[in-house]
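Peer 1: After the structure tokens below, expect a handful of questions from me.
The values are calculated or read from the model by the stated rules, or taken from the named source; none is laboratory data. Because the structure is predicted, anything quoted here is derived from the model rather than measured. All Cβ positions, glycine included, derive from the backbone under ideal geometry; neighbour counts span all protein chains shown. Just so you know, the surface numbers come from the protein's heavy atoms only, side chains and all, with ligands and any DNA or RNA stripped out. Shrake-Rupley method; radii C 1.70, N 1.55, O 1.52, S 1.80 Å.
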Amino acid sequence: MKKSVNNKNSKDKIVKVEPKAEKPSVLHKILEVFSSIFAVIVIGVCAFTLVFRIIFKVEVVKIFGYSGLVILTGSMQPTYYPGDVIIIKELKDYNVGDPITFHQRNMIVTHRIVAKDGEKFTTKGDYNNSSDEPIELKDIEGKVIKRIPKVGKVILFLQTPAGVISVLVVLIALEVFFAAKRKMVEEPWNTKKY
């Protein structure tokens, strides 16, 4: 730090403080990178899903034969609960006992195969007393391969107007925070009069 004085006899001394070049901390850099990646992923997934659902009229959007869905009802309890996320994989064939996701009466349903006759399948929810109407192989979207408990509740919230606003507020707050941090690091200290 260098000090300079205008006049030795002067009562007012001007002290010039040269700023130290502070480097952003490693944690700061990591948080900034992750917030940027998160923003890009959120925007990308939303755009991808909207394009396929609106333009191509696809209800179950798949990437390399995989898709994620949220369980909405209790028909598959205790295997899957409302609010669970399931990952399904498209296969060429399905067997009795497989939990599958399929189209039935303009709905997407996840139930277990209880009978198979060639390319016709009978399904039933684990919690239900009766079987569903038979479906064909072409109606099946995929077999459930993974369950992620309760994450679907967050996804369902994010699809509401309040959820969208919450994500936008968080992204804006992160950007403001990191912009302020960058400004503090880059901006020199002011000359002060003592």
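Peer 1: Which one of Ala39, Ala47 is surrounded by 14 or more Cβ atoms within 10 Å (Cβ to Cβ) and at pLDDT below 80? Please lay out each step first, then the result.
Peer 2: On the way: Ala47 fails: surrounded by 14 or more Cβ atoms within 10 Å (Cβ to Cβ).
The match here is Ala39.
Peer 1: Tell me the residue from Phe52, Phe102 that is closer than 23 Å to Gln159 by Cα and open to solvent by 60 Å² or more (accessible area, probe 1.4 Å), please.
Peer 2: Details: Phe102 fails: open to solvent by 60 Å² or more (accessible area, probe 1.4 Å).
Step by step, each of Phe52, Phe102 is checked, and only Phe52 is closer than 23 Å to Gln159 by Cα and open to solvent by 60 Å² or more (accessible area, probe 1.4 Å).
Peer 1: Hey, can you tell me all the residues within the range 32-43 that are farther than 14 Å from Val169 by Cα and over 10 Å from the mean Cα position of the chain (by Cα)?
Peer 2: If the condition is that a residue be farther than 14 Å from Val169 by Cα and over 10 Å from the mean Cα position of the chain (by Cα), then Glu32, Val33, Phe34, Ser36, Ile37, Val40 are the ones that fit.
Peer 1: Let me ask something else. Quick one: in the range 55-80, which of the residues that are surrounded by fewer than 16 Cβ atoms within 10 Å (Cβ to Cβ) and among the hydroxyl-bearing types (Ser, Thr, Tyr) is nearest to Thr110 (Cα to Cα)? Explain how you work it out, then say what you get.
Peer 2: First, the residues of the range 55-80 that are surrounded by fewer than 16 Cβ atoms within 10 Å (Cβ to Cβ): 55-59, 62-66, 72-74, 77-78.
Okay, now just the ones that are also among the hydroxyl-bearing types (Ser, Thr, Tyr), so 66, 73.
On the way: Tyr66: 15, Thr73: 10 Å.
Taking the candidates together, the pick is Thr73.
Peer 1: How about the range 168-188: which of its residues are modelled with pLDDT of 85 or more and under 18 Å from the mean Cα position of the chain (by Cα)?
Peer 2: Passing the criteria: Leu168, Val169, Val170, Ile172, Ala173.
Peer 1: Let me ask something additional. Here is a list: Lys183, Lys120, Lys116, Lys146. Which entry is touching a residue at least 40 places away in the same chain (Cβ under 8 Å), open to solvent by 50 Å² or more (accessible area, probe 1.4 Å) and charged (D, E, K, R)? Steps first, answer last, please.
Peer 2: Values: Lys183 fails: touching a residue at least 40 places away in the same chain (Cβ under 8 Å); Lys120 fails: touching a residue at least 40 places away in the same chain (Cβ under 8 Å); Lys116 fails: touching a residue at least 40 places away in the same chain (Cβ under 8 Å).
Result of the check over Lys183, Lys120, Lys116, Lys146: Lys146.
Peer 1: Would you pick out the residues in the range 123-143 that are in a loop (DSSP other than H, G, I, E, B), open to solvent by 40 Å² or more (accessible area, probe 1.4 Å) and in contact (Cβ under 8 Å) with a residue 12 or more places away in the chain? Let's see the steps before the verdict.
Peer 2: Narrowing the range 123-143 to residues in a loop (DSSP other than H, G, I, E, B): 125-134.
Checking which are open to solvent by 40 Å² or more (accessible area, probe 1.4 Å) leaves us with 126-131, 133-134.
Residues satisfying the conditions are Asp126, Tyr127, Asn128, Ser131, Glu133, Pro134.
Peer 1: Those residues that are aliphatic (A, V, I, L, M) and farther than 13 Å from Val70 by Cβ, I need them from the range 138-170; list them, please. Working first, answer last.
Peer 2: First pass over the range 138-170, keeping only residues aliphatic (A, V, I, L, M): 140, 144-145, 148, 151, 154-156, 158, 162, 164-165, 167-170.
Answer for the range 138-170, where residues must be aliphatic (A, V, I, L, M) and farther than 13 Å from Val70 by Cβ: Ile140, Ile145, Ala162, Val164, Ile165, Val167, Leu168, Val169, Val170.
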